[in-house]
Amino acid sequence: MEKNNSFDFVKLIAAFLVIIGHAPVLAEGKTGYIGTITNGQLDLGNFAVCIFFIPGIVTSLFSVVNNFQ
C-alpha cells in the first residue's frame, strides 16, 4: 500500500521533540525547558508523545470509516 501523506514527517518532528523534551529530565532530573518557561503548565515531551500517536489514531479512524462504506 502506497502512502501519500505527511504523517511520517509529523512523526519524525514529534520524535525529535520527545528527545528534546525528555533530555533534561533524564540528564539532570529537572523539569524540561518548556516546563520551566511555562511554570509547569506545559511539558514538551508529553505534548510530543501525544502528537506522535495522533497520525496512528487518525489513520485507524479513517480505516474504520472506509470499512463501513
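Data table
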quantity	calculated
Single residue of the stretch 1-30 satisfying the filter (crowded, with 16+ Cβ neighbours inside 10 Å and touching a Gly at 6+ places or on another chain (Cβ under 8 Å)) that is farthest from Ser63 (Cα to Cα)	Pro24
Tally, over the stretch 31-43, of residues that are open to solvent by less than 60 Å² (accessible area, probe 1.4 Å) and either among the hydroxyl-bearing types (Ser, Thr, Tyr) or closer than 15 Å to Val10 by Cα (or both)	1
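The values are calculated or read from the model by the stated rules, or taken from the named source; none is laboratory data. For clarity, every value in this text was computed on a predicted model and none was experimentally measured. As a convention, Cβ positions derive from the backbone with ideal geometry for all residues, glycine included, and neighbour counts pool all protein chains shown. The accessibility values were calculated without ligands, DNA or RNA, using every heavy atom of the protein model including side chains. Shrake-Rupley method; radii C 1.70, N 1.55, O 1.52, S 1.80 Å.
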